[in-house]
Amino acid sequence: MIDLKFPPTTIVGKPVPKNAFYKHLEVNAKMKQHFVDDVVSIHWLYKLAPSTINVEDGKQVHEIVVFSAVLKDKDCPNDVFLFIDRNMPRHVVFILEYDNRYKVLLNYKAWKDGQNSQFDIIKTFATDWLTAERLLLTLEGQTMDALYEAMAGQVSGFGTRKAEDTKRIVELEGLIDKAKREVENIQKRIRNERQLNRQMELNGAARGLKKQIAQWQNELQETKFVNSDKKYTTQ
């Protein structure tokens, strides 16, 4: 069994039938086939909760389960793990295994409503493929919320320990990517535009976007720098 050196009280170490994740849910044939075609087996490795580890319950996170999944292909799509995460009423960390290499995958999620009944997947974080010697995940924090945020900070490489920092980095990366695509589209329009005044208008819009991108990039670097001493090395 994969050993993350977690406390013995957290060890579960049980195989989980693949159909256990969907047999009580409405699921289409394509998703069932993903479980068959992409995953060899799934094991429940650890249960992290106030009952198994010396931390306080969280406001958002009450239990973290750690599953291992042996894959049939290194480039297995994330569909199966997104499906599991969206339908499990707890937070999840996956250790993916292929050909004696390991990848930590965490679908960073938050409750969609105040009822704690459904999740939104904010971003999927994953490490590189690692040797067994490089596979590690440290437990940090005095509450379940803090424990989960520290895990997300390690797996993402952000080094963050606070939800607001992690979510802001994800938001900034999304804003920057979207704005860069808009700049590219404007530049294409400029090349096809014959009227000089319209070209000037489009150039002004592109300059404005580039200025905004630079501001977002500065904020992104500052936020990452603050957390740079906490990063999880995946190489």
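The values are calculated or read from the model by the stated rules, or taken from the named source; none is laboratory data. Since this is a predicted model, take the numbers as computed values, not measurements. No Cβ is skipped: glycine too gets one built from the backbone with ideal geometry, and neighbour counts run over all protein chains shown. We work out accessible area using only protein heavy atoms, side chains counted, and drop any ligands, DNA or RNA first. Shrake-Rupley method; radii C 1.70, N 1.55, O 1.52, S 1.80 Å.
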Volume in Å³ per residue [convex hull over Cα atoms, computed for the chain] = 171 Å³
message = Given a 1.4 angstrom probe, what's the average accessible area per residue across the chain, in square angstrom?
response = 57 Å²
request  = Sort out for me the Cα centre separation of the stretch 128-170 from the stretch 70-108, rounded to whole Å.
outcome  = 16 Å
task = Working from the alpha-carbon coordinates of the stretch 110-225, get Rg over Rh, Rh being the Kirkwood radius.
result = 1.15
message = Please list, ordered by chain and number, the residues whose modelled amide H lies under 5 Å from the amide H of Leu45; skip anything fewer than 5 residues away on the same chain.
response = Gly13, Val66, Phe67, Ser68
query = What translational diffusion coefficient, in µm²/s and rounded to a whole number, does the Stokes-Einstein relation yield for the stretch 45-107 at 37 °C and a viscosity of 0.692 mPa s, taking the hydrodynamic radius as the Kirkwood radius over Cα pairs?
reply = 256 µm²/s
inquiry  = Please list Val70, Val65 from largest to smallest accessible area, probe radius 1.4 Å, with all protein chains kept in place.
reply    = Val70, Val65
query = Can you pull the percent of the stretch 16-137's accessible area that's carbon plus sulfur, 1.4 Å probe, other chains left in place?
reply = 45 percent
request  = Could you pull the accessible area for Ser41 with a 1.4 Å probe, rounded to 10 Å²?
outcome  = 40 Å²
request  = Multiply the residue separation of His62 and Lys210 by 0.36 nm, subtract the distance between their alpha-carbon atoms, and state the gained length in nm to one decimal.
outcome  = 49.1 nm
inquiry  = With the cut-off at 29 Å, tell me which of the pairs Lys47/Lys72; Lys74/Lys180; Lys32/Lys180; Lys5/Lys32; Lys14/Lys72; Lys74/Lys211 have Cα atoms farther apart than that.
reply    = Lys74/Lys180; Lys32/Lys180; Lys5/Lys32; Lys74/Lys211
ask   = Out of residues 5 or more away from His62 or on other chains, whose amide H comes under 5 Å of its own, with H placed 1.01 Å from N in the peptide plane?
value = His91
remark   = Mean projected area, convex hull of alpha-carbon positions in the stretch 15-78, reported to one decimal in nm², is 5.8 nm²
key: Difference of contour (0.36 nm per residue) and Cα-Cα distance, Ala179 to Asn192   = 2.7 nm
Relative contact order (%) - criterion: Cα under 8 Å, at least six apart; region: the chain = 15 percent
ask   = Expressed as a whole percentage, what fraction of the accessible surface of the stretch 176-225 belongs to carbon and sulfur atoms when a 1.4 Å probe is rolled over the protein heavy atoms?
value = 46 percent
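Based on Cβ point charges of +1 for Lys and Arg and -1 for Asp and Glu, what charge dipole magnitude is obtained for the stretch 1-91 about its Cα centre, in debye rounded to the nearest 20?
In debye, rounded to 20, the stretch 1-91 gives about 180.
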query = Considering only the stretch 23-94, what is the antiparallel percent among its DSSP beta bridges, to the nearest 5?
reply = 65 percent
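Using only the Cα atoms, work out Rg/Rh for the stretch 13-140, with Rh taken as the Kirkwood radius, to two decimals.
Details: Rg = 14.8 Å, Rh = 15.5 Å.
Looking at the stretch 13-140, the ratio lands at 0.95.
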message = I'd like the accessible area for Leu137, computed on protein heavy atoms only with a 1.4 Å probe and all protein chains in place. Round to 10 Å², please.
response = 10 Å²
message = Can you work out the Karplus-derived ³J(HN,Hα) for every residue in the stretch 95-112? Use 6.51 cos²θ - 1.76 cosθ + 1.60 with θ = phi - 60°, whole Hz, and x for glycine or proline.
response = 10, 8, 10, 8, 6, 6, 10, 9, 10, 8, 10, 9, 7, 5, 9, 9, 5, 6
ask   = Given H placed on each backbone N at 1.01 Å, which residues far from Gly157 in sequence or on other chains put an amide H within less than 5 Å of it?
value = Tyr232
query = Which FRET efficiency value, to the nearest 0.05, do you get for Val12 and Glu140 by plugging their Cβ-Cβ distance into 1/(1 + (r/R0)^6) with R0 = 30 Å?
reply = 0.90
